[in-house]
Amino acid sequence: MEQACHQVHGFSKLWEELQDKITLSGHSSSTLNNYGRKLAQLSLHFGKLPQHITEKEVNRYLVSLARKSRVPSLSDFKFSVYGLRYCYRLLGMSDKAVRLPSIKREKKLPVVLNRSECKALFKAPELLKHRILLSLMYSAGLRAREVSRLEIKDIDSERMMIHIRQSKYNKDRYVPLSPLILEGLRKYYHACQPVQYLFNGNEPGTPLSVRGMQWALREAVKKCKLQKGITLHIPTRNGIAKNKHSSGVRHYSY
């Protein structure tokens, strides 16, 4: 985005307006970064602001992006379309936004882990921190960013609930805490002594990044040699990761 601000006349002002609009609407910083990055790439490609690019030029650009990716709905194509739509609405050009191509969602069955696979995955990490991290995430059905932001005070052992603050759409919510997960959390707390955040990053008092969680998962998958396409959002066969009323994973021990 810095390059676009320097090379494309007027992009700095557009970027400031976009920042203000997204902040006021309550969208996340990741949304801002995704939209801004794609708008910057578009502006650099044509050497002018999005509002000065013709519909024909936009369509050709989007087609080229779609052809580069086997899965456009999960690629640069998606954020380019969404970023343009948001930009056009911001500039009062909604009539242009409706002519942008729609995105077809791929219909795929989700990858599901059975109990033995869950047991192997949760036991695979060498560090207790990573074993508890994966177990908590899957048992409570938490998003990676939610786990990253969890603070020690968010674990309510009396009510057996986890307080999720400012989750998707900036909403707070509670999810059940499994007794077995609580037992594991207590072992982890006494062993690792985290500061403020439940899972610290490289420095005490800083949260573990989503990238750090992804690394821990990749290493666990490699160690237990699971062949399925596992991500931080894969549910278990009995629906634990998606079921708000589940009491958690109960079929393994630490």
Here's a check for you: in the stretch 143-177, which residue that is under 23 Å from Gln214 (Cβ atoms) and of a type in the set (Gly, Ala, Ser) is nearest to the chain's Cα centre (by Cα)? Ala144
Considering only the stretch 52-75, state which residues are modelled with pLDDT of 85 or more, surrounded by 15 or more Cβ atoms within 10 Å (Cβ to Cβ) and not β-branched (Val, Ile, Thr). Tyr61
Being small (Gly, Ala, Ser), at pLDDT 90 or above and closer than 19 Å to Leu142 by Cα is true for just one of Ala191, Ala216. Which residue is that? Ala216
Which condition number does Lys171 fail, the rest of (1) among the basic types (Lys, Arg); (2) at pLDDT 95 or above; (3) more than 16 Å from Glu126 (Cβ to Cβ) being met? (2)
What's the number of the only condition in (1) more than 24 Å from the chain's Cα centre (by Cα); (2) surrounded by 15 or more Cβ atoms within 10 Å (Cβ to Cβ) that Arg37 fails to meet? (1)
Odd one out for Lys48, checked against (1) of a type in the set (Lys, Arg); (2) over 30 Å from Ser167 (Cβ atoms); (3) in a helix (DSSP H, G or I): (3)
If you go through the stretch 164-203, how many residues are in a helix (DSSP H, G or I) and small (Gly, Ala, Ser)? 2
Unique residue being at pLDDT below 90 and part of a helix (DSSP H, G or I) when the list is Arg131, Arg145: Arg145
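The values are calculated or read from the model by the stated rules, or taken from the named source; none is laboratory data. Just so you know, these numbers come straight off a predicted model, no measurement behind them. Glycine also receives a Cβ, built like all others from the backbone with ideal geometry; neighbour counts cover every protein chain displayed.
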